[in-house]
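A.B. asks: Encoded as structure tokens, here's the structure I'll be asking about.
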Amino acid sequence: MKNIPWQDRPDNCNDIIWRYSENPIIDRYHIPSSNSIFNSAVVPFGDGFAGVFRCDNKAVQMNIFSGFSKNGIDWDIDHKPIQMKTGNTDMIKSDYKYDPRVIFIEDRYWITWCNGYHGPTIGIGYTFDFKEFFQCENAFLPFNRNGVLFPKKINGKYAMLSRPSDNGHTPFGDIYISYSPDMKYWGEHRCVMKATPFEDSAWQSTKIGAGPIPILTDQGWLMIYHGVVTTCNGFRYAMGAAILEENSPDQVKYRTQPYLLGPAVSYEQIGDVQNVVFPCAALHNIEEDKLAIYYGAADTVVALSFGHISEIVQFTIENSL
Ligand code: BMA
């Protein structure tokens with residue numbers, strides 16, 4: 001696969017996932033209207049990369065914007081939000097859109113996001129070129145967030161992770177999987193994994209949610225996810241990893257007890273929402289054993305981190321709950 005953004009692990013660092021030295025890669029005021037640009041998605045596209053970005057404007061209205069980059073680090077983001085056309089539904093009005101994920105399946109790029117329809121639920125759309133976008137039926141009833149597609153059909157059906165929630169800041173939340181023959185009707189809902197007992201692994205004890213599109217490894221699906229602990233100063237979001245059975249991804253083989261990356265530097269600790277590391281996308285190069293994970297930091301900026309896929313898998317197996 002093509003050249004993904006990469007920086008070797010610093011000499012003085014033993015972490016499994018390490019930060020890009022030039023973080024954040026996208027500042028809060030990157031486009032004229034923005035108050036903040038964070039939880040966003042990128043994919044390989046043409047001879048570079050394309051992305052769908054969560055930009056909240058200065059009225060703090062949440063919407064998604066398309067962008068392009070030659071190197072995956074310097075981004076040219078459209079100044080106007082994505083305008084949806086009719087996909088498989090006429091109902092294309094949303095109260096808001098946020099936290100997009102993007103993946104190429106078969107012949108097009110599919111986008112999922114948290115879609116405002118009487119509260120948050122999972123919106124689905126597609127594009128062929130990141131210029132013209134089509135919106136489909138919502139996948140689920142409200143309330144739901146963190147809809148993440150698998151990059152290929154499983155047992156002949158599209159598969160999506162999601163996290164049923166409430167209409168507010170949700171003090172609970174477990175990851176489920178659902179299947180669809182056509183990206184319109186979803187069913188066969190199964191629980192994948194739950195928030196942990198506090199005493200077992202507190203960083204993921206309040207709620208969890210899938211992050212980037214899962215990556216198929218020789219051990220199964222590598223799923224990077226976020227976990228949340230409730231502190232006396234509110235929620236704290238960190239990132240961990242799990243490995244799911246290849247043909248039955250509701251079966252969790254391994255899951256990290258420690259987090260892999262938690263809020264620890266200023267752009268993760270200080271912002272519109274303090275102490276948030278929220279991964280939404282990853283670029284991988286299996287041959288070179290490289291993973292570049294994009295994450296929203298403090299609900300304000302986009303940051304980048306790196307890891308070796310084999311080390312993340314090994315760490316997850318050796319440090320599993
Ligand atoms: C979640 C979502 C995310 C956000 C996170 C931390 O509920 O709203 O978009 O990053 O809270 O505020």
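A.B. asks: Check whether at least one residue in segment 304-312 is within 16 Å of the ligand (Cβ to nearest atom), farther than 19 Å from Gly72 by Cα and in contact (Cβ under 8 Å) with a residue 12 or more places away in the chain, and report yes or no.
C.D. replies: Scanning segment 304-312, I find no residue that is within 16 Å of the ligand (Cβ to nearest atom), farther than 19 Å from Gly72 by Cα and in contact (Cβ under 8 Å) with a residue 12 or more places away in the chain, so the answer is no.
A.B. asks: So which residues in segment 16-71 are in contact (Cβ under 8 Å) with a residue 60 or more places away in the chain, over 16 Å from Val102 (Cα atoms) and of a type in the set (Lys, Arg)?
C.D. replies: Those that are in contact (Cβ under 8 Å) with a residue 60 or more places away in the chain, over 16 Å from Val102 (Cα atoms) and of a type in the set (Lys, Arg): Arg19, Arg28.
A.B. asks: Moving on. Conditions: (1) more than 18 Å from Cys280 (Cβ to Cβ); (2) surrounded by 15 or more Cβ atoms within 10 Å (Cβ to Cβ). Ala59 meets all but one. Number of the miss?
C.D. replies: (2)
A.B. asks: Kindly indicate which of Arg101, Arg108 is of a type in the set (Lys, Arg), touching a Leu at 6+ places or on another chain (Cβ under 9 Å) and under 30 Å from Ile25 (Cα atoms).
C.D. replies: Matching residue, one of Arg101, Arg108: Arg101.
A.B. asks: Look through segment 28-61, keep the residues that are farther than 19 Å from Lys80 by Cβ and in a loop (DSSP other than H, G, I, E, B), and return whichever of them is nearest to the ligand (Cβ to nearest atom).
C.D. replies: Gly46
A.B. asks: Condition first: within 15 Å of the ligand (Cβ to nearest atom) and surrounded by fewer than 13 Cβ atoms within 10 Å (Cβ to Cβ). Can you find one or more residues in segment 158-168 that meet it?
C.D. replies: Among the residues of segment 158-168, at least one is within 15 Å of the ligand (Cβ to nearest atom) and surrounded by fewer than 13 Cβ atoms within 10 Å (Cβ to Cβ), which makes the answer yes.
A.B. asks: Also: Based on this model, can you work out whether Asp272 counts as among the acidic types (Asp, Glu), touching a residue at least 40 places away in the same chain (Cβ under 8 Å), open to solvent by 40 Å² or more (accessible area, probe 1.4 Å) and within 16 Å of the ligand (Cβ to nearest atom)?
C.D. replies: Answer is yes for this residue.
A.B. asks: Search segment 277-291 for residues that are within 13 Å of Val302 (Cβ to Cβ) and pair each with any residue that is open to solvent by 20 Å² or more (accessible area, probe 1.4 Å) and part of a strand (DSSP E or B) when their beta-carbon atoms are under 6 Å apart and the residues are at least 6 apart or on different chains.
C.D. replies: As it stands, the answer is Val277/Tyr237; Phe278/Tyr237, since those pairs meet every condition given.
A.B. asks: Another question, if that's okay. Would you point out which residue out of Tyr225, Tyr254 is of a type in the set (Ser, Thr, Tyr) and open to solvent by less than 10 Å² (accessible area, probe 1.4 Å)?
C.D. replies: Exactly one residue qualifies, and that residue is Tyr225.
A.B. asks: Filter segment 62-89 for residues that are part of a strand (DSSP E or B) and either of a type outside the set (Phe, Trp, Tyr) or open to solvent by less than 50 Å² (accessible area, probe 1.4 Å) (or both) and give the result.
C.D. replies: The answer is Met62, Asn63, Ile64, Phe65, Ser66, Gly67, Ser69, Asp76, Ile77, Met84, Lys85, Thr86.
A.B. asks: Looking only at segment 193-202, decide whether some residue is open to solvent by less than 60 Å² (accessible area, probe 1.4 Å), part of a helix (DSSP H, G or I), over 12 Å from Gly147 (Cα atoms) and within 16 Å of the ligand (Cβ to nearest atom).
C.D. replies: Checked against the condition, which is being open to solvent by less than 60 Å² (accessible area, probe 1.4 Å), part of a helix (DSSP H, G or I), over 12 Å from Gly147 (Cα atoms) and within 16 Å of the ligand (Cβ to nearest atom), segment 193-202 yields no hits at all.
A.B. asks: To continue, here is another question. Please count how many residues of segment 100-136 are closer than 22 Å to Gly48 by Cα and open to solvent by 10 Å² or more (accessible area, probe 1.4 Å).
C.D. replies: The qualifying residues number 12.
A.B. asks: What do you reckon, is Gly187 under 25 Å from Gly125 (Cβ atoms), without any contact (Cβ under 8 Å) to a residue 60 or more places away in the chain, in contact with a Phe, Trp or Tyr (Cβ under 7 Å, 6 or more places away or on another chain) and open to solvent by less than 60 Å² (accessible area, probe 1.4 Å)?
C.D. replies: yes
The values are calculated or read from the model by the stated rules, or taken from the named source; none is laboratory data. Predicted, not measured: the structure shown is a model, and the values here were computed from it. Heads up, the Cβs are rebuilt from the backbone with ideal geometry, glycines too, and the neighbour counts pull from every protein chain shown. Note: accessible area is taken over every heavy atom of the protein model, side chains too, but ligands, DNA and RNA are not part of it. Shrake-Rupley method; radii C 1.70, N 1.55, O 1.52, S 1.80 Å.
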